[in-house]
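Novice: Pasting a structure here, questions to come.
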Amino acid sequence: MTPIKECLINKSTKINPIWLMRQAGRYLPEFREIRKKNPNFIELCLNPHLSEEITLQPIKRFNFDAAIIFSDILMVPYGMGQSVEFKKNLGPNLGNFRITDIQKTTENDFKNNLLPIYKLLSNLKKSKDLNNKDLIGFVGAPWTLLVYMLNKISPKNGLPDNFLKDKILIEEILKSLDTFIKIHIENQINAGATIIQIFDSWAGLIKKDFDRFLYNPTLSLVNHVKKLGVPVICFPRGISDYVKFSKLVKPSMINIDYNVDAENIVKSLDIPIQGGLDPKLLLTDKEILKRETNKYLETFKDHPYVFNLGHGILPETKVEMVYELIEIVRGYK
């Protein structure tokens, strides 16, 4: 059994497996080389040969306990027919869409649009580099994808006051998202994903109607993954109550962000926990990194725990600090 499954299924506390969100990405010089020659991010995600190479780069370099596929949560809106492009220094930019066009998108249309992602997974499944390692597929949660689809850009500056005004349109989008996210999950599992992570990157923007936007849509996905016999990790970043979320949604494991009180959550939950370390700590020095990493390891020493960050690794992170982090985690007794 893989180290992460050992933690997830057997609730083992013997070791702390480690992988990092966005581990295949911009902090790696070998990734930057590929990116320089491939400026179109969506095309890169849809190139199974290059996305396989990128997925494996951090495994070959650091020997993490899991690989997470090189892809993006916005591949689901793309698969549904909405245009998606990434602009330098601005991030994602999504096009206009008509809900009637999305509703006409068939399962076959969607699958054909994203076929290279499933090809990537089936290639990775055969890779010798992933011996005794999990292969993590992922999706965005319905709320976060709804935010991108309607807002068209990153909501880092907040959402407009009238964002939720068209209740009928929102219900129709959420219904379509539930259908297509489930198809994407199923196709990833069929192609070789051994774990699914659900990223609700903008869950912290939900101010009301939590059942409608957070709990019920995510529970629907979690139940679907479990029915397919695969563990599911949820990361509802920025919410105020991870304990309530975990008790209502019942993921196999909860990924916490770096604002969560780790000591409090470990007393309140009996499910495995992942993450928490502030990625900015990798920008400090080795002494600070060791002290703060050991705090997490000490807090979770009697609880099933997968070491990870409380958000994705930052592009300016130095490679030697990642080596240092792995050494601290693997050397912890």
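None of the figures in this text is laboratory data; all of them are computed from the coordinates on show. Predicted model, so just to flag it, every value in this text is computed and none were measured. With ideal geometry, Cβ positions are generated from the backbone for all residues, glycine too; neighbour counts draw on all protein chains shown.
Novice: Using Cα centres only, tell me the gap between the range 40-57 and the range 111-141 in whole Å.
Specialist: 11
Novice: Out of the range 80-165, which chymotrypsin sites (Phe, Trp or Tyr not before Pro) are coil in DSSP terms and have no more than 16 other C-beta atoms within 10 Å?
Specialist: Phe163
Novice: Give me the distance in nm between label points sitting 7 Å out from Cα along the Cα-to-Cβ direction at Asp209 and Ile288, one decimal.
Specialist: According to this spin-label approximation, the distance is 4.1 nm.
Novice: What do you get for trypsin sites (Lys or Arg not before Pro) in the range 98-162 restricted to DSSP loop and a cutoff of at most 14 other Cβ within 10 Å of the site's Cβ?
Specialist: Arg98, Lys126, Lys156
Novice: Explain nothing, just the number: relative contact order of the range 126-207, from Cα pairs under 8 Å at least 6 residues apart, as a whole percent.
Specialist: Across the range 126-207, relative contact order equals 57 percent.
Novice: Can you run the Rg to Rh ratio on the range 163-234? Use alpha carbon positions and the Kirkwood inverse-distance Rh.
Specialist: Using Cα coordinates only, the ratio equals 1.00.
Novice: Quick check on my link table: of Lys133/Lys333; Lys152/Lys247; Lys5/Lys60; Lys37/Lys290; Lys133/Lys247; Lys37/Lys126, which ones sit more than 25 Å apart, alpha carbon to alpha carbon?
Specialist: Exceeds cut-off: Lys152/Lys247; Lys37/Lys290; Lys133/Lys247; Lys37/Lys126.
Novice: What is the distance, in nm, between label points placed 7 Å from the Cα along the Cα-to-Cβ direction at Arg61 and at Lys11?
Specialist: Label at Arg61, label at Lys11, 3.7 nm between them.
Novice: Counting alpha carbon pairs within less than 8 Å and at least 6 residues apart, what relative contact order, in whole percent, applies to the chain?
Specialist: About 21 percent, as a whole number.
Novice: Can you give me the distance in nm between label points at Asn93 and Leu159, each placed 7 Å from the Cα along the Cα-to-Cβ direction?
Specialist: Result for the modelled spin labels: 2.3 nm.
Novice: Something else: Between Lys318 and Asp302, 0.36 nm times their residue separation minus their Cα-Cα distance comes to what?
Specialist: 2.7 nm
Novice: Kindly work out what percent of the DSSP beta bridges joining two residues of the chain are antiparallel, to the nearest 5.
Specialist: Beta bridges within the chain, antiparallel portion: roughly 20 percent.
Novice: Continuing with this model, one more query. Please name whichever of Leu130, Pro272, Ile195 sits farthest to the positive end of the charge dipole of the range 3-331, dipole taken about the Cα centre and charges placed at Cβ: Lys and Arg +1, Asp and Glu -1.
Specialist: Projecting each Cα onto the dipole axis, the largest value belongs to Leu130.
Novice: Which whole-Hz couplings ³J(HN,Hα) result when phi for each residue of the range 302-309 is put into the Karplus expression 6.51 cos²θ - 1.76 cosθ + 1.60, θ = phi - 60°, listed in order with x for Gly and Pro?
Specialist: 10, 10, x, 9, 10, 6, 7, 9
Novice: Right, something else. Taking springs between alpha-carbon atoms closer than 10 angstrom, which of Ser51, Ser127, Ser71 fluctuates most in the Gaussian network model of the chain?
Specialist: Sorting by GNM fluctuation, first place goes to Ser127.
Novice: Based on the Cβ-Cβ distance from Asn259 to Ile168, what FRET efficiency comes out when R0 is 25 Å, to the nearest 0.05?
Specialist: Here the calculated transfer efficiency is 0.10.
Novice: Evaluate the charge dipole of the chain about its Cα centre and quote only its size in Debye, nearest 20, assuming +1 on the Cβ of each Lys and Arg and -1 on the Cβ of each Asp and Glu.
Specialist: It works out to roughly 260 debye.
Novice: So if we plug the beta-carbon distance of Ser83 and Lys244 into 1/(1 + (r/R0)^6) with R0 = 30 Å, what FRET efficiency do we get, rounded to 0.05?
Specialist: 0.25
Novice: Kindly give Rg over Rh for the chain, based on alpha-carbon atoms, with the Kirkwood expression for the hydrodynamic radius.
Specialist: We get a ratio of 0.94 for the chain.
Novice: If you average the alpha carbon positions of the range 287-333 and of the range 231-246, how far apart do those two centres end up, in angstrom?
Specialist: 20
Novice: Counting each pair of different Cα atoms once, what's the Kirkwood radius of the range 59-149 in Å, rounded to one decimal?
Specialist: 15.0
Novice: Separate question: Could you compute the FRET efficiency for Asp129 and Thr100, with r as their C-beta to C-beta distance and R0 at 51 Å, rounded to 0.05?
Specialist: 0.70
Novice: Still on this model: Do you know the relative contact order of the range 10-110, to the nearest whole percent, from alpha carbon pairs under 8 angstrom that are 6+ apart?
Specialist: It comes to 23 percent, rounded to a whole number.
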